[in-house]
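Presented below is the structure to which this report refers.
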Amino acid sequence: MKISVNIGRSALTATALALCLSAAHAQPAASAAEPLQGQALDSLIREAMLYAYPYQEFMKMRHEALEVKDSTTATTLNHFRHSRHLATPKDRWANGPIRDAFYSTNWLDLEHSPLLLTLPETHGRYYVIAMIGADLNTFSYVGRRIGGTAARKVALVGPHWKGEIPKVDQIVRAPTRDVYLNLRVLVTGEDDLKAAHAVQDGFRVEPVLKTAEDNPKIKPQAQDWGRFVDVANEALVRNPPPGAEQKLLQRFASVGICGAGCQWDKLPASVQQRWLTLAPNIEKNELKNRLNADRKTADPNRRNGWTPYRLPDGFGSNYAMRAQSAAMSGGILGLEAAEATYFAASVDGNNQPLGKGQSYRLHLPDGRLPADAFWSISLYEFVTGGQYMVENPINRYSIGDRTQGMKRNADGSLDIWLQPTDPGPEKRANWLPTPEKNLFYLMARAYQPWPEVLDPSWVLEPVELIKPE
């Protein structure tokens, strides 16, 4: 990307922004109409909860990172926290942790000053920074695909800033004051750690002006649904939604979601009780249990046993999908399909669950996944509490373009052998160990995928069960 001003999908013009701010701070506490009851009330609470869930989830993760000193994500405002080791079965920070790249995280506040983002020269090494707003929409990217790998400076500017902006290579105006940066830097293996760490250390964020921190006042707390409402409202005050969503907030005001004019303690006891009854089931059944539910049911998108994950370029008005994304592993780490496309398989070509000590073959006709940056196929077992890498004697948790010594067939194709025991010297180089007892799934990742991978008709070969002789 050349020198540019990136407004982002959710940004507003100055006039629309002024109207949005005015409306957000003038929301009525509740509708003057007859109070809703029964099915109508339940339906509105559900709709309001799904809309507000990403804002509350964003603030919960922000709080854990910036205000809980002993948390696994602890850091300080405007500073990167870097992961430094390749993921292993001991890593439980997310379901299906990636082993191809180091993650780094950074929480920003753009209200009182622009920030200067330094991007180092990476000499062709893949990296990407996803910029995520408080509504959990990714509003911009910088990295190898967009902008290349030469050193440059980017100014990150908040939606309310009207002062000067330093001369830089690129300006990105965020749609919300609170922003999360997710950085991924490619690592090729254990012998690449030192070089990868040096690249990570080259990314920096510095404020243009020195200002005091202005953190949210309400502390998020899991399963406290009164706190959920108040945290979401504080987030909406700090980060007013687009003007087109103001009518939604006017509707949600009667059930406590509208921004400055809404508060849990102002809600009627009958509405509070419906929240307390409905919210746990909505979170459990509609949001957090989606992965296991999808695994147990027929997926209409599944072909050859693989389910594609081509994330949309923004959620638009699909607030249910946005909430579901927020609930899955934090929900803010996904990349748009042109940056990374994924395929997951928890069944073989006959739709039978993978695992239970059985042996399989995965055939890649081209000897690879079509991708410009990198590709990999990782394996995770289903265990209590999540899906994680499998302990094995050769410490191999994925196979990809950086796996050394793989043996290809005479036609250039590649066979990957999936089984719990050593397949022997002829196949060992292409062996991806599986659990002895548990079920597992495969995740195929293609970073900077070729155009054909973005086509809905493209699909991997099915995982083939090898029957005992």
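Just so it is clear, none of the values below were taken in a lab; they were calculated from the coordinates. None of the values given here were measured: they were computed from a predicted structure. Quick reminder, even Gly has a Cβ in these numbers, built from the backbone with ideal geometry, and neighbours come from all protein chains shown.
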Where nothing but the Cβ of Lys and Arg (+1) and of Asp and Glu (-1) is charged, how large is the charge dipole of the stretch 291-466 around its Cα centre, in debye to the nearest 20? 380 debye
Per the charge dipole of the chain (beta-carbon charges, Lys/Arg positive, Asp/Glu negative, Cα centre), the residue among Gly143, Ala232, Leu77 reaching farthest to the positive end is Leu77
Whole-angstrom gap from the stretch 92-123 to the stretch 38-91, using each part's C-alpha centre: 15 Å
Given 0.36 nm per residue, what is the gain on full extension from Ser43 to Asn95 after removing their alpha carbon distance, in nm? 15.6 nm
Once every DSSP H run of n ≥ 4 in the chain is given -39500 (n - 2.57) and the sum is divided by its residues, what mean residue ellipticity at 222 nm do you get, rounded to the nearest 500 deg cm²/dmol? -7000 deg cm²/dmol
Debye equation applied to the C-alpha atoms of the stretch 78-207, log10 I(q)/I(0) at 0.09, 0.13, 0.14 Å⁻¹: -0.26, -0.54, -0.62
Kindly write out, for the stretch 433-446 in residue order, the coupling ³J(HN,Hα) from the Karplus curve 6.51 cos²θ - 1.76 cosθ + 1.60 (θ = phi - 60°), rounded to whole Hz, with x marking Gly and Pro. x, 10, x, 6, 10, 6, 6, 9, 9, 10, 10, 9, 10, 10
Provide Asp42, Asp135, Asp109 in ascending order of the number of other Cβ atoms located within 10 Å of each residue's Cβ, fewest first. Asp42, Asp109, Asp135
Quick one: if the Förster radius is 41 Å, what FRET efficiency do Asn304 and Asp224 give, using the C-beta to C-beta distance and rounding to 0.05? 0.40
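Here is the link list: Lys162/Lys210; Lys288/Lys356; Lys356/Lys467; Lys407/Lys427; Lys60/Lys219; Lys69/Lys219. Which ones come out longer than 18 Å on Cα distance?
Lys288/Lys356
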So what does log10 I(q)/I(0) come out to for the stretch 84-129 at q = 0.21, 0.28 Å⁻¹, using the Debye formula with one equal point on every Cα and no solvent? -0.91, -1.13
Given labels modelled 7 Å from the Cα in the Cβ direction, how far is it in nm from Val383 to Gln263? 4.7 nm
Specify which residue in the list Val168, Met49, Val463 is farthest towards the positive end of the charge dipole of the chain, using unit charges on the beta carbon of Lys, Arg (+1) and Asp, Glu (-1), about the Cα centre. Val168
So the pair-distance distribution of the stretch 291-466, from every Cα-Cα distance in 10 Å bins, comes to percents of 9, 37, 38, 14, 2, 0
Where does each of Lys194, Lys266 land when they are ranked from fewest to most other beta-carbon atoms within 10 angstrom? Lys194, Lys266
Given charges of +1 on the Cβ of Lys and Arg and -1 on the Cβ of Asp and Glu, with all other atoms neutral, how large is the dipole of the chain about its Cα centre, in debye to the nearest 20? 280 debye
Computed E for Ser270/His123 - FRET, C-beta separation, R0 51 angstrom, nearest 0.05: 0.20
Going residue by residue through the stretch 89-98, the Karplus relation 6.51 cos²θ - 1.76 cosθ + 1.60 with θ = phi - 60° gives ³J(HN,Hα) values, rounded to whole Hz and with x marking Gly or Pro, of x, 7, 7, 10, 6, 7, 5, x, x, 7
